[in-house]
Structure formats: structure tokens, C-alpha cells
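Following: one structure in C-alpha cells, then a few remarks.
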Amino acid sequence: MKRKDMKGENSFVDVVKVIEKVVAEVKNEPLKDVEEWFLLINKMFMSGNVFYLQGSPKFNVYETEFGFGRPVKVEMVHPSMAVSLAESGDGEGGLEFGLVLKSEEFEYLSSLIQQGLEALK
């Protein structure tokens, strides 16, 4: 779905319908057009408009055992602008949230957070 088509009065419903359709297609034919995936991913990556989400709190990364004991800290590796999610290592049901940005992007984000905290005072 094109970004311009995601604006407007019924855009939320339209987006949900597209997602529903794609999920149904993937369930029915999980490898449909697999030969085109690399080209699509490459095109998206080259556009510079890609944001990655990696991991899930359901992966239980802190329960992984390779014979050295359970990990104390888990770090996800990111190629560029990305967010990672994992269950908390303390076992209390929390989430670990990782964020990868260029230094100038991180400085900008930090300034926005600081402005928000100042506004809350």
C-alpha cells in the first residue's frame, strides 16, 4: 500500500484490510514470489526508508543454553536504524528495548526526550 493511500478518513480500515489480506495470502502460500524477495528487500534497503524491528519477547533469548550457562546480557546486532525487543533478563516479565541510530539521530531523539521531560515538570 502506498503511503499516500494511508491518509484520509477511512485509511485505518483500509490498512487493516490490506494487512488481513496479506496475512491470509502468506498462510495459504508462504513461499509465494520467494524469488522476488531479495529484489524487494534490496530496493527497500537502498531507498534509505527502512526501519527494522528485530526480536520478540516470546523468543525467550535468556533461556537459550549453548553449554556455557544462560546469558547474563543479550545484545541484538543491527545493520542500521533498528529496534530490538526481548524479554527482560531479570525474569520479572519486563521488556528490553534496543535502539540503533546514527549519532546525530540519537542526539536529536535525546533532545526530544529532554524537551518532553521538561514539559512534564
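Quick one: which residue in SER84, SER11, SER88 is hydroxyl-bearing (Ser, Thr, Tyr), surrounded by 10 or more Cβ atoms within 10 Å (Cβ to Cβ), within 15 Å of the chain's Cα centre (by Cα) and at negative phi?
SER84
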Checked GLY93, GLY67 against criteria (part of a loop (DSSP other than H, G, I, E, B) and either modelled with pLDDT of 80 or more or touching a Ser or Thr at 6+ places or on another chain (Cβ under 8 Å) (or both)); the one match is GLY67
Let me spell it out: the conditions are (1) outside any strand (DSSP E or B); (2) closer than 14 Å to GLY55 by Cα; (3) in contact with a Gly (Cβ under 7 Å, 6 or more places away or on another chain), and SER84 meets all of them except one. Which number is the exception? (1)
Pairs where the first residue, in the stretch 1-24, is modelled with pLDDT of 85 or more and the second is surrounded by 10 or more Cβ atoms within 10 Å (Cβ to Cβ) and hydrophobic (A, V, I, L, M, F, W, C), C-beta under 8 Å, 6+ apart: ASP14/MET1; ASP14/MET6; VAL15/MET1; VAL15/MET6; VAL18/MET1
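The values are calculated or read from the model by the stated rules, or taken from the named source; none is laboratory data. All values reported here derive from a predicted model rather than from experimental measurement. FYI the Cβ positions are ideal-geometry reconstructions off the backbone, even for glycines, and counts take in every protein chain you see.
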